[in-house]
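The values are calculated or read from the model by the stated rules, or taken from the named source; none is laboratory data. These figures come from a predicted structure and were not determined experimentally. Methodologically, a virtual Cβ is constructed for each residue, glycine included, from the backbone with ideal geometry; neighbour enumeration extends over all protein chains shown.
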Amino acid sequence: MPGAYQAIVIGAGHNGLTCACYLARAGLKVLVLERYETYGGMTVSEQLAAPGFLSDVHASGYLVAKLTPAPDELGLARHGLELITPDPNWAQVFPDGRAFIIGRDVEETARSMEQFSRADADAWRGLYRRYLAAKPEIVANMTSTPRPLANEFAGKDAVDRYRFQFQSARSWVEETFQSPEMRYFFASCALHGALAPDDALGSNFAWLFASAVQDVGVSIVKGGMHNVSRALAAELADHGGGIRVNAGVKSGRGEG
Ligand SMILES: Cc1cc2nc3c(=O)[nH]c(=O)nc-3n(C[C@H](O)[C@H](O)[C@H](O)COP(=O)(O)OP(=O)(O)OC[C@H]3O[C@@H](n4cnc5c(N)ncnc54)[C@H](O)[C@@H]3O)c2cc1C
């Protein structure tokens, strides 16, 4: 019915659903349009391997679950969202049989790193301190309009900070770590942001990724990643919002 909705969100991935939930909680009548046959986007879980077994088709670890206030603010636990955070936070196995772990605290990680290089363990302690100092701002930026870059690079050490943010992963790991294993590990962290070794921003993403894993671990969603979007959909429904699937939007007009 024309005029029945006050906000239309295109795409029912977890970001679209989160946005819809906040709009609905603010009192708007919201509809989410999704072109796939189910909602969830990259957080869908489907029965692929065998009957009765769900697979996370795309994303499988909810890294930022404990960094953003959204799951608590939206009461997702009330809608069945349950997180399992494995200990250790991360493990990387190397072909020679050695393994590196990111433990629950930075010293556990540093001890594991020392089997490859003491200097690398010290480098990690320093990098993690840098993350903790920046964390309030990082988290604030996740939940607000991005600040102009000009602000970020003003003042003392501006050139160094600019370089740290925009350096490629390859150039950063070669400068920062001595052991090949730690270079491989940190460069691989950039790949999680779809950044190849020579792409700009690789250093910053790799540092952020590894630091966040150190800080809050990588949570697994009990019952499958789809339970993130299911909880969001339930919260949306509680506030009068709806989702329409098989409803792709083309140039602002509904296809179906
Ligand atoms: C293979 C893979 C593995 C990943 N693993 C992880 C992981 O383990 N941990 C992690 O934190 N992140 C992971 N990510 C990244 C994470 O999944 C994404 O950053 C996140 O899903 C983005 O959410 P979103 O809601 O913005 O977009 P999406 O999840 O992509 O959702 C967008 C939705 O919009 C719909 N849509 C698009 N265009 C239209 C249209 N015109 N009309 C209607 N609907 C439309 C799409 O069908 C889709 O459902 C992974 C990504 C991929 C691809």
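General remarks:
- Options A154, A150; residue that is more than 30 Å from D96 (Cβ to Cβ), in the same structural domain as F94 (by TED's automatic domain parsing) and assigned to a loop (DSSP other than H, G, I, E, B): A154
- In region 23-32, the residue that is farthest from the ligand (Cβ to nearest atom) out of those that are surrounded by fewer than 22 Cβ atoms within 10 Å (Cβ to Cβ) and under 24 Å from the mean Cα position of the chain (by Cα) is R25.
- In region 119-162, the residues that are small (G, A, S) and closer than 25 Å to T176 by Cα: A119, A121, A123, G126, A133, A134, A154, G155, A158
- Scope region 35-55; condition near the ligand (Cβ under 10 Å from one of its atoms) and either under 19 Å from the mean Cα position of the chain (by Cα) or among the aromatic types (F, W, Y) (or both); matching residues: Y36, Y39, G40, G41, M42, T43, V44
- Failed item, numbered, when I243 is tested on (1) touching a Leu at 6+ places or on another chain (Cβ under 8 Å); (2) assigned to a helix (DSSP H, G or I): (2)
- Yes/no for R111 being of a type in the set (K, R) and either surrounded by 14 or more Cβ atoms within 10 Å (Cβ to Cβ) or touching a residue at least 40 places away in the same chain (Cβ under 8 Å) (or both): no
- Residue ID - nearest to A231 (Cα to Cα), chosen from residues in region 56-99 that are within 12 Å of the ligand (Cβ to nearest atom) and hydroxyl-bearing (S, T, Y): Y62
- Qualifying residue in region 8-23 (condition: farther than 20 Å from V249 by Cα and of a type in the set (F, W, Y)): yes
- If you go through region 56-94 and keep only what is of a type in the set (A, V, I, L, M), surrounded by 12 or more Cβ atoms within 10 Å (Cβ to Cβ), more than 17 Å from S45 (Cα to Cα) and modelled with pLDDT of 95 or more, you end up with L74, L76, A77, A91.
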